[in-house]
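Report on the following structure.
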Amino acid sequence: MKFTVDEWFVVLLARTIRPAETVFHGFGSPCAQVAMHVARRTHARDITLIEGAMYAVNPDPPFIPPTSNDASLKRGAAYSMRFEEFFDAAIRGDVDRMFLSGGQIDGYGNTNVTAVGPLERPKVKLGGGGGGCNLAATIPHLSLWSSRHRSGRALVESCDFITDMGHRTPSGDRAELGFTGGGPQWMVTELGVFDFPDGHARLTHHFPDVTVEEIRAATGFELRVAGDLRTVQPPSGAELSALRAVDSLGVRRGEFAPKELDRVFDHDPAVGCAC
Amino acid sequence: MGLQPHRNKVVDLAAAIADVRDGAMIALGGGLSARLPMAAVREVIRQGRRDLHLVGSAHSIDVDLLVAAEAVHRCEESYVGFEQDLGLAPAYRRAAETGTIEVAESCCVTILAQLRATEMGLPFLPVRGVRGSDIRRLHPEYGEVTCPFTGEVLVAVPALKPDVALLHAPLGDRYGNLHLEQPYVLDERFASASMRVVATVERLVSTEDVAASGVTIPAHLVAAVTEVPFGAHPASCYPNYAYDREHLSGYVKAAQSGGEDLAGYLKTYVYGVADEREYRDLIGSERLAELGRWPESTVDWKGLFQ
């Protein structure tokens, strides 16, 4: 059996989820969305999965649609939160993990989903941050992702605009800003995986077909590398089959540059669930 | 403001929108591709409104079309776009990049707090986030407040009171009782915080029938109600119909190329149709029926999105 980089990427995102957590993804985030369902069907069956934009609790969607508030996403859910019910839970700290991405992400895990270039006359006006600039303050753990690391434009020295706060902004660190959440914990890209010791991204794993030098060349901030840098753990058969069952429309693939999707790997049936 | 009297509030769409003034702050119901008040949006454009201040959470073609029609002065949403699938909102993006609209991008939590302040009759509410985010720079009207009990410094956001909320619901009665399906998004909060609620509904039914489905927004918050089948198209209005991805994709392409293509979309689907009956005829009963066939099987449902 073969698998592609988008599948491996989603499995790595899924593994940032711990059992029993309450997890949430924002809209327009198919990789994170699929990852939550993969986690719920493999290593973290007791999570409370809150489906972004529907706020449905533990649904079993027949497929993941290309829009985040389609009724298919509440199928099988006994309950859907109201908008304010979800945001209240998140700002009082009851939602353990949220997935965040951005057109730009800096080394402290600040993300920009608002505008590239000067704010007054942006080069590119991005969509906007949804609830992020409050949720990033209070949710205990953030899992960041970028599927466009190789472009060299996604992981930057500093964001042109900080929409959602990471570990440190020019206005101060999280303690100084009075935030109750812990900030970014992991960042998964199509090239590797980062953690955030001391509040700054550090490469802990790389994909086997990517070198550290390639990653350094694509990274705008100073690349810190863990002493025990390893290759990312391959996906198990269980993870791949959960993923393929959940995302039969393949919406996750839309997040990647077409060339990345040519990255195909051989599955080793001896690999168990790495989590 | 006061609650709305209990009386028959059925009007036609043109009359309901005639009360919306140039420069009004308009709250848009629904979100992303679900339950957007598109019939009302098209009528606002047909009536030539200008300088509107739009507020909402995460939106797509509703905001983009109003911007494309040059009806908008200020955008205060948490997101405007077509998600990962169809990408950035072309007209909104172009207007923001050329400075023809004021972008006051906000956050779902902040807007919620601002509406709740109005609902509670308070001048502001505090939020814990926003500090450290450049979103703060887009909102000089925000302040800071020190908690008298803990000493924490929090961002204070002012009460937000839209002039009119445009909402779309699957069911309503002539008094304005509305039944919605989840997600309600901010519709309930908009209904109680806005000066005036104008509702379009898929079907006007008896009060008993709305009550049997469950009243989400009560008549005493609604000023006008009008029956517009497929009034959310090309957005979805479950349980009636799914969103029309093909139509949205066509819109996005026209809006991306701008100029004549975008003018052509507006001419065909907004200015060129006198009312929503003509709009439905234009989309075609076959296509509309297709969007309503989502419950027949997972294959049918999924097929709409392929």
Being more than 17 Å from A:GLY52 (Cα to Cα) and more than 10 Å from every other protein chain (Cβ to nearest Cβ): is that true of A:HIS167 here?
yes
With respect to the numbered conditions (1) open to solvent by less than 70 Å² (accessible area, probe 1.4 Å); (2) within 27 Å of A:ARG45 (Cα to Cα), which one is the sole condition not fulfilled by A:ARG263?
(2)
The one condition A:PHE63 fails out of (1) in contact with a helix residue (DSSP H, G or I) (Cβ under 9 Å, 6 or more places away or on another chain); (2) open to solvent by less than 10 Å² (accessible area, probe 1.4 Å); (3) assigned to a helix (DSSP H, G or I) is (3)
Would you be able to say whether some residue in segment B:223-237 is surrounded by fewer than 17 Cβ atoms within 10 Å (Cβ to Cβ) and either at pLDDT 95 or above or within 20 Å of the chain's Cα centre (by Cα) (or both)?
no
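Identify the residue in segment B:174-216 that is within 14 Å of chain A (Cβ to nearest Cβ) and in a helix (DSSP H, G or I) and, among all such residues, is surrounded by the most Cβ atoms within 10 Å (Cβ to Cβ). Explain how you work it out, then say what you get.
Of segment B:174-216, the ones within 14 Å of chain A (Cβ to nearest Cβ) are B:180-193, B:214, B:216.
Imposing the further condition that a residue be in a helix (DSSP H, G or I) reduces the set to B:187-193.
Values: B:ASP187: 26, B:GLU188: 22, B:ARG189: 24, B:PHE190: 28, B:ALA191: 25, B:SER192: 19, B:ALA193: 26.
Looking at the filtered set, the residue picked out is B:PHE190.
In the list A:ASP46, A:ASP106, which residue meets the criterion of being of a type in the set (D, E, K, R), out of contact with any Gly (no Cβ under 6 Å at 6 or more places or on another chain), open to solvent by 30 Å² or more (accessible area, probe 1.4 Å) and more than 9 Å from every other protein chain (Cβ to nearest Cβ)? Steps first, answer last, please.
On the way: A:ASP106 fails: open to solvent by 30 Å² or more (accessible area, probe 1.4 Å).
It is A:ASP46.
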Given (1) part of a loop (DSSP other than H, G, I, E, B); (2) in contact with a Cys (Cβ under 8 Å, 6 or more places away or on another chain), number of the condition A:PHE87 does not satisfy
(1)
Restricting attention to segment A:20-34, does a residue exist that is part of a loop (DSSP other than H, G, I, E, B) and more than 10 Å from chain B (Cβ to nearest Cβ)?
yes
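Looking at segment B:75-95, is at least one residue away from chain A (no Cβ under 12 Å), outside any strand (DSSP E or B), open to solvent by 10 Å² or more (accessible area, probe 1.4 Å) and free of Cβ contacts under 8 Å to residues at least 40 places away in the same chain? Show your work before the answer.
First, pick out the residues of segment B:75-95 that are away from chain A (no Cβ under 12 Å): none.
There is no residue in segment B:75-95 that is away from chain A (no Cβ under 12 Å), outside any strand (DSSP E or B), open to solvent by 10 Å² or more (accessible area, probe 1.4 Å) and free of Cβ contacts under 8 Å to residues at least 40 places away in the same chain.
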Is there a residue being touching a helix residue (DSSP H, G or I) at 6+ places or on another chain (Cβ under 6 Å) and either over 18 Å from B:HIS59 (Cα atoms) or facing chain A (nearest Cβ under 9 Å) (or both) anywhere in segment B:148-158?
yes
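Please find, among A:ARG82, A:ARG97, A:ARG92, A:ARG121, the residue that is open to solvent by 20 Å² or more (accessible area, probe 1.4 Å) and either more than 7 Å from chain B (Cβ to nearest Cβ) or in contact (Cβ under 8 Å) with a residue 60 or more places away in the chain (or both).
Values: A:ARG82 fails: either more than 7 Å from chain B (Cβ to nearest Cβ) or in contact (Cβ under 8 Å) with a residue 60 or more places away in the chain (or both); A:ARG97 fails: open to solvent by 20 Å² or more (accessible area, probe 1.4 Å); A:ARG121 fails: either more than 7 Å from chain B (Cβ to nearest Cβ) or in contact (Cβ under 8 Å) with a residue 60 or more places away in the chain (or both).
After applying the criteria, what remains is A:ARG92.
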Which residues, taken from segment A:127-151, are over 15 Å from the mean Cα position of the chain (by Cα) and more than 7 Å from chain B (Cβ to nearest Cβ)?
A:ARG150, A:SER151
So, first residue in a helix (DSSP H, G or I) in segment A:234-258, second residue of a type in the set (Ser, Thr, Tyr) and crowded, with 17+ Cβ neighbours inside 10 Å, Cβ within less than 6 Å, six or more apart or across chains; the pairs are A:ALA238/A:THR42; A:GLU239/A:THR42; A:ALA242/A:THR42; A:GLU255/A:SER147
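In the set B:THR118, B:THR200, B:THR110, which member is of a type in the set (S, T, N, Q), touching a residue at least 24 places away in the same chain (Cβ under 8 Å) and within 15 Å of B:ALA219 (Cα to Cα)? Walk me through how you get there before you give the answer.
On the way: B:THR118 fails: within 15 Å of B:ALA219 (Cα to Cα); B:THR110 fails: within 15 Å of B:ALA219 (Cα to Cα).
Criteria check complete, one pass: B:THR200.
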B:LEU36 is checked against (1) open to solvent by less than 10 Å² (accessible area, probe 1.4 Å); (2) outside any loop (DSSP other than H, G, I, E, B) and fails just one. What number does that condition carry?
(2)
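Residues of segment B:29-43 being hydrophobic (A, V, I, L, M, F, W, C) and within 14 Å of chain A (Cβ to nearest Cβ), which ones? Break it down stepwise before answering.
Here is the first cut: in segment B:29-43, the ones hydrophobic (A, V, I, L, M, F, W, C) are B:32, B:34, B:36, B:38-41.
Of everything in segment B:29-43, those that are hydrophobic (A, V, I, L, M, F, W, C) and within 14 Å of chain A (Cβ to nearest Cβ) turn out to be B:LEU32, B:ALA34, B:LEU36.
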Would you confirm whether any residue within segment B:64-71 is crowded, with 24+ Cβ neighbours inside 10 Å, in contact with a strand residue (DSSP E or B) (Cβ under 6 Å, 6 or more places away or on another chain) and either within 14 Å of another protein chain (Cβ to nearest Cβ) or not hydrophobic (A, V, I, L, M, F, W, C) (or both)?
no
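Would you point out which residue out of B:VAL155, B:VAL164, B:VAL145 is open to solvent by less than 10 Å² (accessible area, probe 1.4 Å) and without any contact (Cβ under 8 Å) to a residue 60 or more places away in the chain? Steps first, answer last, please.
On the way: B:VAL164 fails: without any contact (Cβ under 8 Å) to a residue 60 or more places away in the chain; B:VAL145 fails: open to solvent by less than 10 Å² (accessible area, probe 1.4 Å).
Of the residues listed, the single one that is open to solvent by less than 10 Å² (accessible area, probe 1.4 Å) and without any contact (Cβ under 8 Å) to a residue 60 or more places away in the chain is B:VAL155.
Quick check on B:LEU54: is it open to solvent by less than 10 Å² (accessible area, probe 1.4 Å), of a type outside the set (Phe, Trp, Tyr) and in contact (Cβ under 8 Å) with a residue 60 or more places away in the chain?
Working: open to solvent by less than 10 Å² (accessible area, probe 1.4 Å): yes; of a type outside the set (Phe, Trp, Tyr): yes; in contact (Cβ under 8 Å) with a residue 60 or more places away in the chain: no.
In short, no.
The values are calculated or read from the model by the stated rules, or taken from the named source; none is laboratory data. These figures come from a predicted structure and were not determined experimentally. Note that each Cβ is placed from the backbone with ideal geometry, even for glycine, and that neighbours are counted across all protein chains shown. Note: areas computed on protein heavy atoms with side chains; ligands, DNA, RNA excluded. Shrake-Rupley method; radii C 1.70, N 1.55, O 1.52, S 1.80 Å.
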